[in-house]
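Q: Okay, handing you the structure first.
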Amino acid sequence: MVRNLWTALLLLGSATCGSSVPVSQSPDPEQSCPYLGECNSTINEQHIDTLMSYVDSEQNPCEDFYAYACGKWRARHGSHTTATMISESQINRQYEDLFLQLLRNPSAPEYGYPMYAKVLAHYQSCLVLEKPDLRRYIELLDRELLASLSSMHWMHLLAALGRYGYHGHYVQVEVRWYNATHHMIFLQPHNHHLNLTLTEDIYDALCQDGSSWPPLHQLQEQFKSLEQNLVRLAKPHSADDTFRNYSLEQIRTAVPALQWDEALRMQLGRTVAGDHVFQVDDLDAIKGLVEYLNTADTLLLNRYSLARFLSHLLELPHNPLATWRTGQRSRGRSCIRHMRRSVYLPMNYVYERSFYARRRHADELVIHSVFQQLQSQLEQRVQHNVFNLSQELVNSLQAKVHQMRINVGNLPPNVSEQFYWHSDRRWSVGSDFYENHLNSLLYYYTLVADLESSSDQEERDIWYSFNMHTPEFPDNIDATPYFYCLGNIIFVPYSYVRRPFFDANFWPALLYGDLANTLGHEIMHALDTDLVDYDARGNLRNFSDQLGVVELYQGGVGCLNSSAVMLNERTSDVSGSRLALQTYGGDWLTRSGNGRLYFLQFAHFFCGDEGDQYHDSGSQRLNYALGQVPQFAEVFGCHVGSGMTSAEQCPFW
Ligand SMILES: [Zn+2]
């Protein structure tokens, strides 16, 4: 009630206020580089021209800043295009040009470095892909297993597929990143949210094994009724969805109808000790599933597993087989996209050496400096304790902010060439795409399985200093910086450390306008209403239970939540923008050119962004966030009650 009244008063106010003066002339910024001695003016001037080319000066920035700052974006770049997408496709093109050039020149020095030769062999096998032949994937699996589909225990086939990272049905065994220093083995019942779509292509690929198969529609029916039974058994028995620690010994005792040691040995390639601790979800459901599966039709179970496996491979991001028919003309590009997912480390090594290494030093200097400023500002805020939290909680949150790490680029920092040679030797590549694809999965999941059991501290430090994405990692997260709660670390991908977002040569307004806002947003995710629960070491601690009883904190959350589709993006947008401004600080406001440029650069990130399942649209996000920072209205001379000043000011961190 109070909020509505307040908004109504502000809106009423707007009727009596004249609109502010739109800004159309080019801003005059402070021309220095804050962290590098010399900086390139041309880069800055060109970039400002680009920013100004998107400005629609017919629009009033005080009414709708997005319409003003991004007004001409669509005319330049079409709809459904964002700066991030442009950056990503430029990187894909860099890869493509490099690969073509190296394939034409087999004596290029790059072949003397790790990874390059294998990356190029994989790429070539993808380029020459002919009509998809899914049967190839099956033929490449263990022949002995395939010869005994009607008698082999269902868990044996499942474990064999698990080596390629497949998990999802019956009983799921998966090695996952657990906290800032460890992976763990996770055990879960059948995923009842996923169903198999048995397509004709998958059916055709499977039934060429010489045995007799029921017709497609009949098999579809059989799979459907199997799934119904699995879903019934896998549905959680209680609302409690937390994982619990169990030793292998305890699992063996609770679910004796499964040969756990054998299954784990097959999937992980090693024996697991009885006292080894697992993360387990719903052991009762797993027990019920195992008992049911042990009495079901073995042949049907194993055929279902193979069908799920093929379907999974086709659904992996950018598998070129899935787009073979439509993607013939852009095969090179789709192979690059596929490889950036499936052979993450080798592809990024190549990018680093061929494109990024020469810029890394200057970039890190600038990015680390801005990050440290944001970090210490936020630490002070937490310490200031406006929400009147217990000292213990303040200490925990402060430690979390203080110990947060950042990694620039997509590779571990400061590792020797030896590390990459060692990784190169673990990965085998030939001339067949299907074999290469399966080998790339084996390469990744074997590394992860070994990491889970490794006690080599030096090597462990390397693997936890960057994010070697799973081949399933979604594109939209990877393209911009993101906070990874399990590692308490911010990853800044290659696609961000380039213009229009960033350049080490940027003048302060341009540098802080995006970098400080983007890093501010990501840092604030550490304290958002979900991720606040993880401590400095990435362990789940449920701090939100304590925050939930603090009235002032709940008031802030309620205020922000009242108009947000995605609460935790909004909290990060708002607090991140405030933090960034505080860091930029100083006397910047006195030179209005700087202020205007700062906000235009911030806006640019959102131009063309229509939102997704995690984010509101760019225009909603930008306008709301700037409505929460009074400096915006000051810079553009907006009167109380204009569109950009009408939102209620919400307190948060
Ligand atoms: Zn976010």
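Q: Which condition from (1) more than 16 Å from the ligand (Cβ to nearest atom); (2) touching a residue at least 60 places away in the same chain (Cβ under 8 Å) is the one that THR571 breaks?
A: Only one criterion in (1) more than 16 Å from the ligand (Cβ to nearest atom); (2) touching a residue at least 60 places away in the same chain (Cβ under 8 Å) is unmet by THR571, namely (1).
Q: Same structure again: Among the residues of segment 183-200 satisfying the criterion of being open to solvent by 60 Å² or more (accessible area, probe 1.4 Å) and touching a helix residue (DSSP H, G or I) at 6+ places or on another chain (Cβ under 8 Å), which is nearest to ASP535 (Cα to Cα)?
A: Of the residues in segment 183-200, the ones open to solvent by 60 Å² or more (accessible area, probe 1.4 Å) are 193-195, 197, 200.
Then keep just the ones that are touching a helix residue (DSSP H, G or I) at 6+ places or on another chain (Cβ under 8 Å); that gives 195, 197, 200.
Details: ASN195: 35, THR197: 40, GLU200: 48 Å.
In this case the residue turns out to be ASN195.
Q: Take the residues of segment 217-241 that are under 30 Å from MET184 (Cβ atoms) and free of Cβ contacts under 8 Å to residues at least 24 places away in the same chain: which is most open to solvent (accessible area, probe 1.4 Å)?
A: ARG232
Q: Among the candidates LEU365, LEU397, LEU299, LEU393, single out the residue that is at pLDDT 95 or above, in a helix (DSSP H, G or I), surrounded by 19 or more Cβ atoms within 10 Å (Cβ to Cβ) and out of contact with any strand residue (DSSP E or B) (no Cβ under 9 Å at 6 or more places or on another chain).
A: On the way: LEU365 fails: surrounded by 19 or more Cβ atoms within 10 Å (Cβ to Cβ); LEU299 fails: surrounded by 19 or more Cβ atoms within 10 Å (Cβ to Cβ); LEU393 fails: surrounded by 19 or more Cβ atoms within 10 Å (Cβ to Cβ).
Among LEU365, LEU397, LEU299, LEU393, only LEU397 is at pLDDT 95 or above, in a helix (DSSP H, G or I), surrounded by 19 or more Cβ atoms within 10 Å (Cβ to Cβ) and out of contact with any strand residue (DSSP E or B) (no Cβ under 9 Å at 6 or more places or on another chain).
Q: Tell me, please, whether a residue that is farther than 26 Å from GLU379 by Cβ and in a loop (DSSP other than H, G, I, E, B) can be found in segment 568-588. Outline the logic, then answer.
A: Filtering segment 568-588 for residues farther than 26 Å from GLU379 by Cβ gives none.
Scanning segment 568-588, I find no residue that is farther than 26 Å from GLU379 by Cβ and in a loop (DSSP other than H, G, I, E, B), so the answer is no.
Q: Within segment 425-449, count every residue that is open to solvent by 20 Å² or more (accessible area, probe 1.4 Å), in a helix (DSSP H, G or I) and in contact (Cβ under 8 Å) with a residue 12 or more places away in the chain.
A: 6
Q: Only residues in segment 470-489 that are among the acidic types (Asp, Glu) count as the first member; pair them with residues that are open to solvent by less than 50 Å² (accessible area, probe 1.4 Å) and more than 12 Å from the ligand (Cβ to nearest atom), Cβ under 7 angstrom, at least 6 apart or cross-chain, and list the lot.
A: Final answer for the pair search is GLU472/LEU316; GLU472/PRO317; ASP475/PRO317; ASP478/HIS469; ASP478/PRO493.
Q: Of all residues in segment 449-504 being out of contact with any Phe, Trp or Tyr (no Cβ under 8 Å at 6 or more places or on another chain) and small (Gly, Ala, Ser), which is nearest to TYR166 (Cα to Cα)?
A: It comes out as ALA449.
Q: Filter segment 470-488 for residues that are open to solvent by less than 40 Å² (accessible area, probe 1.4 Å) and within 15 Å of the ligand (Cβ to nearest atom); which is nearest to the chain's Cα centre (by Cα)? Show your work before the answer.
A: Our first condition is that a residue be open to solvent by less than 40 Å² (accessible area, probe 1.4 Å); within segment 470-488, this holds for 471, 473, 478-483, 485-488.
Restricting the remaining residues to those that are within 15 Å of the ligand (Cβ to nearest atom) gives 478-483, 485.
On the way: ASP478: 4, ALA479: 8, THR480: 8, PRO481: 9, TYR482: 7, PHE483: 9, CYS485: 11 Å.
For segment 470-488, the residue satisfying everything is ASP478.
Q: A further question follows. Between a first residue in segment 613-639 that is in contact (Cβ under 8 Å) with a residue 12 or more places away in the chain and a second residue that is of a type in the set (Ser, Thr, Tyr) and within 16 Å of the ligand (Cβ to nearest atom), which pairs have beta carbons less than 8 Å apart while being 6 or more apart in sequence or on different chains?
A: From residues that are in contact (Cβ under 8 Å) with a residue 12 or more places away in the chain, the pairs are ASP616/TYR624; GLY618/THR82; ALA625/SER577; LEU626/SER577; GLN628/SER577; VAL629/SER577.
The values are calculated or read from the model by the stated rules, or taken from the named source; none is laboratory data. Predicted model, so just to flag it, every value in this text is computed and none were measured. Note that each Cβ is placed from the backbone with ideal geometry, even for glycine, and that neighbours are counted across all protein chains shown. For the accessible areas, the whole protein counts, side chains as well, though only heavy atoms, and no ligand, DNA or RNA atoms are used. Shrake-Rupley method; radii C 1.70, N 1.55, O 1.52, S 1.80 Å.
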